[in-house]
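First comes the structure, then the notes that go with it.
Taken together, the values in this text are just the output of simple stated rules run on the coordinates, not laboratory data. As the structure is a computational prediction, the values presented were derived from the model and not from experiment. Here Cβ is always computed from backbone atoms with ideal geometry, including for glycine, and neighbour counts include all displayed protein chains.
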Amino acid sequence: MEFDFSPVVDSWRYLLDGVGISLMLSVWTMLGSLALGAAVGLGRVYGSAWLRVPLVFYIDTMRSIPVLVVLVWIYFAMPLLTGLNLSPFWSAAVALSLHIAAYVAEIIRAGIQSVREGQTRAGLALGMSTAQVVRVIVLPQALVRMLPAFGSIVSVTIKDTAIASVIAVPELLRRSETLAGQSFRPIEVFTAAMLIYFLLLVPATRLIDLLYRRVAHLGRS
Amino acid sequence: MTMIAPKESGSTPSPVLIYEKVRKLYGEFVALDEVSLRVDAGEVVCLIGPSGSGKSTLLRCTNALEPISGGTIYFDGRALPSVDRDIRKVRQRMGMVFQNFELFPHKSALDNVAIGPMTVLGMPKTQARERARALLAKVNLADKVDSFPSNLSGGQQQRVAIARALAMEPEVMLFDEPTSALDPETIGEVLNVMKALAEEGMTMIVVTHEMAFARRVADRVAVFEHGTILEHGSPEQIFENPETARTRDFLSHLGWDG
């Protein structure tokens, strides 16, 4: 078998723009899922019992529906139901954010609840309010403990952007499919795509791991 | 004969804390059963007794970390408040030291001590750190100001915790088994700091299993069992002439031979 990587080399610009779109989508998804996940996670820990019911329902729902189904529903079904039309890119960003926010919420809840009760007592004993205890004592420690889990969220987010290809968001995988179809070189093109994802993610996960090892002691009470 | 009198002040002792028939229930379990006790200004009162006898519970009720189920606790002449904002005001006037230190791991020793005045009193950082530095020097940790809790020994951590509580300039210090989690060789350094504090006239309630400390430093000792005070009196009385067989029993189990 002969390999010909020239389509990849000739179209590197085209693929690189695809990487750019994948990363843009990742960034928006991370911002969206962090904001929503933080709200849901904090609401679940500190909110009233009434608030917790819909939040738990949301988390359970998002964890039991495949993200691909959420995506096609938002892109194909939602406009028909609500008249609300989102571009493929924003449909993907919203679907991924909704999905990943559920996991972020669980990470935040677990992180907060892992900080020992005695830490809260120590803050209260100094005369702090509950809000001060959360802000000054619990959250900083919880954030440190959440770092490894957030590392996985980052890599899952970047990887999951590939599903946006089904609604024709011109990100890396979509462009690889196009290029493979035009050049009749699927082996070379998809191998290149695989390698690009790998090269993007390995340093990212290593970096977060390294950072965590630096700061782990700050979260150990 | 040793006199049982409040230290120095000379005038009539003024009560800082009065416990009146304090009850605490956890579901069916009676943790405190009508405990009455009085702590005067400048007094050191040690609470001793077997585990689960209610000593630590009484301490936690004192600064309202646990709500009481019945009776009244008077602090400085007033019953403990029930409104959150007022409870916080009371807590600011009481320092607490925990068995497991509970230092904040994300802050240096200096900031562990400065965080109370900064967060609660709104003291500027430089001023709070200045106070923290002085307090750390006082507990013999001037060279550890920049260390993080994970780099300190148990005894050092507990001394930082004492400095942290003192930073709020409390009127009473509550010690909840402050040496129980320590290696034997570091217990002494913590007890010495506590002894110095007592000699300065600090009002202290100390839950402890350190009988030698109670014997030497306490003005009064209260013996707990099953949520009640079996007996209380001067250390001489409790350790040399206990009234009840249960107290004698408890002391002999700890290897105390009088």
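Details
- The modelled label-to-label distance for the pair B:Arg85/B:Ala181, using points 7 Å beyond Cα in the direction of Cβ, is 3.4 nm.
- For the range A:86-221, the residue among A:Phe150, A:Leu201, A:Val134 whose Cα projects farthest onto the positive side of the dipole built from Cβ charges is A:Val134.
- Largest to smallest principal axis extent of the C-alpha atoms in the range A:114-196, angstrom: 70, 21, 13
- Solvent-free Debye scattering, log10 I(q)/I(0), computed from the Cα coordinates of the protein assembly as shown at q = 0.07, 0.10, 0.13 Å⁻¹: -0.53, -0.83, -1.15
- Note on B:Lys89: aspartates and glutamates with a C-alpha under 20 Å away, same-chain residues under 8 apart excluded, are B:Glu66, B:Asp76, B:Glu169, B:Glu171.
- 0 to 90° range, to nearest 10: angle between helix B:154-166 axis and chain B longest Cα axis: 90 degrees
- The range A:166-209-the range B:174-195 distance, computed between alpha-carbon centres (Å): 61 Å
- Table column - 3J(HN,Hα) (Hz), the range A:101-108, Karplus curve with 6.51, -1.76, 1.60, x for Gly and Pro: 4, 4, 6, 4, 4, 5, 5, 5
- Note that chain A carries a Kirkwood radius of 19.6 Å, evaluated over its alpha carbons pair by pair.
- Pairs beyond 31 Å (Cα-Cα), from B:Lys107/B:Lys138; B:Lys24/B:Lys144; A:Lys159/B:Lys107: B:Lys24/B:Lys144; A:Lys159/B:Lys107
- Along principal axes, Cα extents of chain B, largest first, whole Å: 53, 43, 42
- Distance histogram in 10 Å bins (all Cα pairs of the range B:60-188, percent per bin): 13, 41, 31, 14, 1
- Cα pair distances of the range B:115-258 binned at 10 Å [whole percent]: 10, 36, 30, 16, 7, 0
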